[in-house]
């Protein structure tokens, strides 16, 4: 982790320099740092605050206010399940249950131990005609059932296994 950490830290410094350590550029700075780490580590946000001359509380406040920022590491596959009205009526709760069971997740534990999957429930994905909807990274899967959901997870796991042995 040493080399990877130092290269990412150098990247954070480069991002801060790109914006001339301007505190009014906090949001684009955080966006780029999150792209680098896939989340916003606490120590990195504290460093950003110090570098910008603002309080860590101000940085944490921005990071927790905007929903696209995350303070927790996420898995390689982000599974979003719609639980809006149309999807809920068509049993999206059952789909969430299958995903939690298959991946060892719960309402408290959103990311699998192997950092492969993160489960998120969202209020609407804008695809009500396809209800219930599951999105894996950017791929939309409509009219999902418990069986189709279990098969989708199985396929992803099999692809990962095949790629790992190559």
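The values are calculated or read from the model by the stated rules, or taken from the named source; none is laboratory data. These numbers were taken from a predicted model, which means no experiment stands behind them. With ideal geometry, Cβ positions are generated from the backbone for all residues, glycine too; neighbour counts draw on all protein chains shown.
Quick look at the numbers
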read-out	value
Number of the exception - residue 86 against (1) outside any strand (DSSP E or B); (2) within 19 Å of the chain's Cα centre (by Cα)	(2)
Hey, residue 92 in the same structural domain as residue 139 (by TED's automatic domain parsing) and at pLDDT below 95 or not	no
Only listed residue being within 16 Å of the chain's Cα centre (by Cα), farther than 23 Å from residue 124 by Cα and not assigned by TED's automatic domain parsing to the domain that holds residue 159, chosen from 40, 71, 26, 52	40
Residue in the range 105-116 that is on the phi > 0 side of the Ramachandran plot and assigned by TED's automatic domain parsing to the domain that holds residue 152 present	yes
Some residue of the range 83-101 being under 24 Å from residue 37 (Cα atoms) and surrounded by 14 or more Cβ atoms within 10 Å (Cβ to Cβ)	no
Subset of the range 42-67 that is free of Cβ contacts under 8 Å to residues at least 12 places away in the same chain and not in a helix (DSSP H, G or I) - its residue that is farthest from residue 128 (Cα to Cα)	55
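Every residue, every condition in (1) free of Cβ contacts under 8 Å to residues at least 24 places away in the same chain; (2) more than 20 Å from residue 39 (Cα to Cα); (3) surrounded by fewer than 12 Cβ atoms within 10 Å (Cβ to Cβ), yes or no:
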| residue | (1), (2), (3) |
| --- | --- |
| 110 | no, no, no |
| 122 | no, no, no |
| 126 | yes, yes, yes |
| 135 | no, no, no |
| 138 | yes, no, yes |
| 150 | no, yes, no |
